[in-house]
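Notes follow the structure.
The values are calculated or read from the model by the stated rules, or taken from the named source; none is laboratory data. Computed from a prediction, not measured in an experiment: that's the story for all the values here. Quick reminder, even Gly has a Cβ in these numbers, built from the backbone with ideal geometry, and neighbours come from all protein chains shown.
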């Protein structure tokens, strides 16, 4: 059985047999019945070879009837005019076929050259009635050209291109018009100048060759871009498409701030408004959305996230299909970029919520530690010291209530988590001393000028450092904790030190860059303190890390200086 795959491999041989039948018909006597039979054989093999039929293609009745009518006219009318028109059509069919392998390209241009010789040397002279000088040379040239179809019998065909267009209509039209120009131009020049047809043909070929070379030189002279090339590229980019206006609709002010789905819907509607677009369809996980009308001419831009299908009223052809692919890819990439932006915004929000929660959780831990210390102090006081214990509770409870209320407000509105109260440094220092009045912490304050400081920052850092030092005292009763505050008009410095063991080097290096292993808490206290200090323009660092002297320093400009003075 003759299969399509076998036909693909034998395409050059099928074409060779068709051209050999044409060669014999051109050399046969004009009125001989053999000539009509040879033309019929040629026409049949061309139908077997021609590049339009594919395994899944169905031939419509009008196409079949038209092809049969052309064949009957060529065979039975035996007209040189019809044969010339058929050769022009055949030149366009072979020259417009899209091939990939270099061997097939060489075969293609050899066959086109043979058909040019057959048209110009075998058909045009009898068509226009040229006789006499040079006709024997033209007939010898046509006879010698028969080497081309003979050679094709021994050349296997390569695999055809998979998918896409197998035929370039623009190139086919160009080659056909070139052949028609040479044939008619040489005949008219022969009549006009009175020269023999072979000489007129040679002159026409020289003029056309010079014209092609001139256009090629103007097209790309010394590799630089010329005006012809710029105009042609601009034409291709705007092939029936207001390209610049569509780009503005994709990236202009109306597209800013849109969510990904809204942006995709706007891009689809803008694309469907183009004159040659009938409809735009997107098929994704969320379902199918169609803007406009679906037709049988569909061009799909493959993409895993948002596959776009663009429908046109007519077959767009290779050039316009490439143009459609470009527009669809542009829409897809811009849509994907907006998806990534939305994902980054969500991640940023989640990170902000996480960091806010971690900081507030640490505040709750500090409050819990303060309550535990207060409970321990009240439990340790006997009946004889009940009044002192009551006074201690009365001093501490309002502050703890205020801190707890502030923490709950931040939990309700994380966006306001960065807001803080500004207080004088002296008032804050006295409040800190009152909270730890019955602890083993010694305080030393030298407040000069009484600048203002952010309460949240200093409360969080002081409580975290003091509680960490007090936790170390649980294993070393001789450990001493010291806190000092020094202020002037340009700088505020808070130090918290203890006489315990030094921290391991790897822990000290990571204190302010991330969470560390902690036996007493979450391991993120100093990390959060460092970020909070940087947010307020302060610097929190480990000033000393030696056994017997471990010291942390919080330093920075007062709030008034940080804000700057008015001009």
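Residues in region 353-365: is at least one at pLDDT 75 or above and surrounded by 14 or more Cβ atoms within 10 Å (Cβ to Cβ)? Talk me through it step by step, then tell me what you get.
Taking region 353-365 as the starting set, the residues that turn out to be at pLDDT 75 or above are none.
Checked region 353-365: no residue is at pLDDT 75 or above and surrounded by 14 or more Cβ atoms within 10 Å (Cβ to Cβ).
Which of the strands (runs of 3 or more DSSP E) contained wholly in region 403-472 include at least 2 residues that are modelled with pLDDT under 85 and not assigned by TED's automatic domain parsing to the domain that holds residue 536? Walk me through it before giving the result.
Values: elements: 422-424, 441-446, 452-454.
Those strands (runs of 3 or more DSSP E) do not exist here; none qualify.
Looking at 515, 490, 483, which is the one that is within 20 Å of residue 540 (Cα to Cα), at pLDDT 80 or above and in a loop (DSSP other than H, G, I, E, B)?
Details: 515 fails: at pLDDT 80 or above; 483 fails: in a loop (DSSP other than H, G, I, E, B).
Criteria check complete, one pass: 490.
Would you tally the residues in region 292-321 being surrounded by 16 or more Cβ atoms within 10 Å (Cβ to Cβ) and outside any loop (DSSP other than H, G, I, E, B)?
Of the residues in region 292-321, the ones surrounded by 16 or more Cβ atoms within 10 Å (Cβ to Cβ) are 292, 299, 301, 303, 306, 308-312, 316-318, 320-321.
Filter again for outside any loop (DSSP other than H, G, I, E, B), leaving 292, 299, 301, 308-312, 317-318, 320-321.
Going through region 292-321 one residue at a time, the tally reaches 12.
The set of residues in region 89-113 that are in contact with a strand residue (DSSP E or B) (Cβ under 8 Å, 6 or more places away or on another chain) and in a loop (DSSP other than H, G, I, E, B) comprises 96, 98.
Here is a yes/no grid of residues against (1) surrounded by fewer than 18 Cβ atoms within 10 Å (Cβ to Cβ); (2) touching a helix residue (DSSP H, G or I) at 6+ places or on another chain (Cβ under 7 Å):
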residue: 103; (1), (2): yes, no
residue: 107; (1), (2): no, yes
residue: 118; (1), (2): no, yes
residue: 121; (1), (2): no, yes
residue: 125; (1), (2): no, yes
residue: 130; (1), (2): no, yes
residue: 134; (1), (2): no, yes
residue: 138; (1), (2): no, yes
residue: 141; (1), (2): yes, yes
